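Okay, so here's the structure we're looking at.
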Amino acid sequence: MTGMAVANIMVVDDQPTNLKLLEDILKDQGYAIRSFPRGRMALASAAQSPPDLILLDINMPEMNGFEVCERLKSDRRLSRIPVIFLSALNEVEDKVKALRSGGVDYITKPFQVAEVQARVETHLELHRLRRALEKHSDHLEEVVRSRTRDLADAHARLKILDQSKTDFLHLISHELRTPLNGLLGVSQIILSELQSEDIAQLRDAFEISRTRILDLVDHALLLTQIEVEAEKFAPGRVPLAAVLRTAVEQMAAFADSRQVKMEWALPEAAFIAGNYELLVTALGELLETSVKFSKPGGVVRLDCSSGPGVIQITMKSFGFTVPIPAISKFFDLFAIDETATAVGHLGLGPPVAQRILNLFGGGVAVENLDPPGIQITVSLQCAARVGV
């Protein structure tokens, strides 16, 4: 009992000799005892100061032990107090009735000291453990409620932040385009009116820079929309042949400017999961990358194959390879400078394509070929696999 609060035990029995005996037995163990000869008196005392355990006689005048126990169990403040019944009755039905009325144990008279001490100690310990468990559960519930509130607050703040980022990038995109259109438009007019070999070279450099700047603005905005507003791009049922045809047609002029041909065959009727415009953008960016890795006079070859629920597109080009250290960072958003290759900077095209494909459960990988070249492998989910 050292270092622990003294347990408070209530004894209820209409026989003074029984009360005295139980008081002596329990006081020897260091418990605080309250004794009552009547059930009503015990109930009134328990209501004022609930005990840790009650020893309750069954046969008493005015109100028997079963009635007292039922009253205790009907009171929310007292219902969890363990009740051990006391009685000279030793029939099975009496014990069953005692347990059904809410008792936790049963001690028969005449009392055996060791038995009383053991049962009291056992049920006090069980009661203590039960209360400790309840406090721990209450604490855990409060922790969960607190964490839930924190998460809700954090989610709300993130939504505000995400919306702010979207609004900011829309604003930047618009505000950049307005002066850029004027600046680039005026520069284009000036360069078009000047004629000389040096000016022609400047004009080409200007056009490359102009295209790169506008592409960066478009790509940055698209990346932000994918990261922040991914739920708006619900996958639909998209015809693969139409996506490939459009992507190839959009890249035809760029391939011609590099003297590169594109060879491809329309796949069998197949539908993939995704957004038509975004998938065209992704495949177009990867086609442009393949063209960049081809030497003039080279060919970019597109092939399609299918597996269970998946369609693969391979793009092969020959001419240049990706430096080994750059392969693992080929699709990294913040590794543009590190992925500079023999064909120059690749810009945001590969990262944009990867994030679009990931958005719809697909993926993309790049590897070097021998003779020198690269292979880009695109994986797309069949529409049926995502339930669209």
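A straight Cα-to-Cα reach below 19 Å connects K329 with the lysines K292, residues fewer than 8 places away in its own chain not being considered. The residues neighbouring I313, those whose beta-carbon lies less than 12 Å from its own, together hold a net charge of +1 under the Lys/Arg +1, Asp/Glu -1 convention. The phi-based Karplus calculation (6.51 cos²θ - 1.76 cosθ + 1.60; θ = phi - 60°) puts the 3J(HN,Hα) values of the range 118-124 at 5, 5, 5, 4, 4, 6, 5 Hz, whole numbers, x for Gly and Pro.
Length gained on full extension, H345 to Q250: 32.1 nm, using 0.36 nm per residue less the C-alpha separation. At what distance in nm do the modelled label points of D332 and K232 sit from each other, each positioned 7 Å from its Cα along Cα→Cβ? In this crude spin-label approximation the distance works out to 3.0 nm. Let me make sure I get this right: for the range 8-111, a, b and c are the square roots of the gyration tensor eigenvalues over alpha carbons, sorted descending. Under 1.5 in a/c it's rounded, otherwise prolate if a/b > b/c, else oblate. Which is it? Since a/c stays below 1.5, the shape of the range 8-111 is classed as rounded. Other residues within the sphere of radius under 15 Å centred on the Cβ of L89, judged by their own Cβ, net out at -3 (K and R +1, D and E -1).
Full extension of the chain segment joining S306 with N59 gains 80.5 nm, where the gain is 0.36 nm per residue of separation less the Cα-Cα distance. A prolate overall shape is assigned to the range 234-386, the ratio a/c of its alpha-carbon gyration tensor axes (a ≥ b ≥ c) being 1.5 or greater and a/b exceeding b/c.
Once both labels are positioned 7 Å from their Cα atoms along Cα-to-Cβ, the gap between R77 and R40 label points is 2.0 nm.
Our estimate of slack between S137 and A47, defined as 0.36 nm per intervening residue step minus the Cα-Cα distance, is 29.9 nm.
Distance between the pseudo-spin-label points of D215 and T148 (7 Å out from Cα toward the beta carbon): 5.0 nm.
FYI, it's all coordinate maths here, none of it is from the lab. Computed from a predicted structure; not experimentally measured. Don't worry about glycine lacking a Cβ; one is built from the backbone with ideal geometry, like all the others, and counts go over all protein chains shown.
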